[in-house]
Amino acid sequence: MQILKHSRLLLAGVMPLLLAVSVTGFAPQAGAERIKDVATFAGVRENQLIGYGIVVGLAGTGDQTTQVPFTRQSIQNMLERQGLSPDGGNVQLNNVAAVMVTADLPAFAKPGQTVDVTVSSIGNADSLRGGELLMTPLKGADDNIYAVAQGSLIVGGLDASGQDGSRVTVNIPTAGRVPNGATVERSVPSKMGGAGAVFLNLHNADFTTARRMEKAINEALGGGVAQAIDGGTVEVRAPDSPDQRVGLMSVLENIEVNPGEAPARVVINSRSGTVVIGQNVRINAAAVSHGNLTVTIDESLNVSQPAPFAEGETVVTPETQVAVQEEDSRAFLFDPGVKLNDVVNSINAVGASPSDLVAILQALKSAGALEAQLIVI
């Protein structure tokens with residue numbers, strides 16, 4: 001096999017991996033995924049950048065500088081750097097907003113390249129639509145400047161108000177994007193793996209996937225090349241030469257592997273009522289009856305008036321009416337080991353709402369009949 005031949009030569013350090021080595025030699029497998037889709041190389045990562053900036057050119061929708069003093073201070077500092085000496089008490093600019101600027105610096109980004117930035121208001125600006133971000137240094141976690149951002153904002157939100165106090169807001173008008181708005185000024189050193197090896201970190205740690213990845217790499221490149229370190233990392237022997245290492249990584253990321261099946265999980269979003277049931281969820285034998293109980297309490301006040309010339313007093317007497325209504329419910333039976341389709345069909349047959357479904361699943365878990373992790377987010 002051509003790939004096997006060249007890869008062994010690469011690992012022996014005899015010759016570099018040539019472009020003639022094609023990943024199309026790998027036979028695709030049913031349900032298989034490329035390694036680049038299930039894992040990343042250690043040391044190849046993005047880095048977050050952040051900076052404080054000013055947006056100008058707003059049509060009166062900026063910060064109320066009397067209430068946001070740091071915006072006024074920022075304007076004064078900016079004008080002083082331009083050789084002006086403004087009177088701090090007279091700076092009232094409603095077309096200016098203080099913002100935080102964030103960006104993700106990709107791996108291997110070099111000086112002169114550009115990245116997108118996100119601009120978000122931190123004051124009381126009504127909208128950033130039509131604004132221009134002034135030059136903003138972006139720093140990393142080490143407090144070094146890695147990029148400088150500037151440019152016109154694209155805002156998807158809209159805010160409009162009238163003199164009578166009526167107001168319409170669509171989406172989020174206080175945040176926007178500047179495509180290619182930051183220019184990289186410093187690159188981040190990237191160390192791909194260690195001496196003589198590269199490491200593949202799985203997106204989702206799984207012992208089965210790690211073992212299958214080790215086997216797939218060894219079958220493609222030769223036995224003993226890869227070794228699973230744990231459920232989330234696979235070590236692959238690699239040459240120290242940068243060009244040979246890049247060639248090996250290109251081959252590795254296109255090898256196909258069959259990931260292990262995900263664990264059985266039921267995920268519930270308690271706020272939106274969304275319920276997601278994994279395909280490996282099983283339910284033991286159980287009978288379920290679910291219904292709604294409605295209690296209605298009606299309070300009314302009556303006035304008790306004594307007869308004329310009587311010695312009694314006028315008093316208020318409450319009158320309470322309590323009614324209880326229980327809806328008819330239908331019981332349904334789960335056979336042992338039923339699968340996802342059976343669960344959905346049974347619950348839909350009784351017309352259960354999302355909240356009813358959540359209650360049923362929680363009850364099944366408490367009864368020990370639900371063979372899955374129940375995760376509430």
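Here is a yes/no grid of residues against (1) at pLDDT 75 or above; (2) within 26 Å of Asp206 (Cα to Cα):
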{"position": "Ser272", "(1), (2)": "yes, no"}
{"position": "Thr294", "(1), (2)": "no, no"}
{"position": "Val338", "(1), (2)": "no, yes"}
{"position": "Gln362", "(1), (2)": "yes, no"}
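Conditions (1) assigned to a strand (DSSP E or B); (2) at pLDDT 85 or above, marked per residue:
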{"position": "Ala20", "(1), (2)": "no, no"}
{"position": "Ala30", "(1), (2)": "no, no"}
{"position": "Asp37", "(1), (2)": "no, yes"}
{"position": "Thr40", "(1), (2)": "yes, yes"}
{"position": "Arg45", "(1), (2)": "no, yes"}
{"position": "Ile50", "(1), (2)": "yes, yes"}
{"position": "Gly53", "(1), (2)": "yes, yes"}
{"position": "Ala59", "(1), (2)": "no, yes"}
{"position": "Thr65", "(1), (2)": "no, no"}
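Enumerate the strands (runs of 3 or more DSSP E) found wholly within segment 249-292, keeping only those where 2 or more residues are without any contact (Cβ under 8 Å) to a residue 60 or more places away in the chain.
Numbers: elements: 265-269, 274-277, 286-289.
Output list reads 286-289.
Looking at the structure I just gave you, is Gly224 surrounded by fewer than 18 Cβ atoms within 10 Å (Cβ to Cβ), among the small types (Gly, Ala, Ser) and on the phi > 0 side of the Ramachandran plot? If you could, list the steps in order and put the result at the bottom.
On the way: surrounded by fewer than 18 Cβ atoms within 10 Å (Cβ to Cβ): yes; among the small types (Gly, Ala, Ser): yes; on the phi > 0 side of the Ramachandran plot: yes.
Yes: the conditions hold for Gly224.
I'm trying to understand the selection: among the residues of segment 194-219, which are in a strand (DSSP E or B) and touching a residue at least 40 places away in the same chain (Cβ under 8 Å)? Give the derivation first.
Going residue by residue through segment 194-219, those that are in a strand (DSSP E or B) are 194, 197-202.
The answer is Ala197, Val198, Phe199, Leu200, Asn201, Leu202.
Scanning for something more than 15 Å from Phe199 (Cβ to Cβ), assigned by TED's automatic domain parsing to the domain that holds Val38 and not in a helix (DSSP H, G or I), does segment 224-232 turn up at least one residue?
Applying the first criterion (more than 15 Å from Phe199 (Cβ to Cβ)) to segment 224-232 yields 224.
If we keep only those that are assigned by TED's automatic domain parsing to the domain that holds Val38 as well, we get 224.
Checking which are not in a helix (DSSP H, G or I) leaves us with 224.
Yes, that holds for at least one residue.
Modelled with pLDDT under 95 and within 14 Å of Arg177 (Cβ to Cβ): which single residue out of Ser85, Ser74, Ser121, Ser127 fits that description?
Numbers: Ser85 fails: within 14 Å of Arg177 (Cβ to Cβ); Ser74 fails: within 14 Å of Arg177 (Cβ to Cβ); Ser127 fails: within 14 Å of Arg177 (Cβ to Cβ).
Being modelled with pLDDT under 95 and within 14 Å of Arg177 (Cβ to Cβ) holds for just one of Ser85, Ser74, Ser121, Ser127, which is Ser121.
The values are calculated or read from the model by the stated rules, or taken from the named source; none is laboratory data. If you're wondering where the values come from, they're calculated on a predicted model, not measured in any experiment. Neighbour counts run over all protein chains shown; Cβ positions are idealised from the backbone, glycine included.
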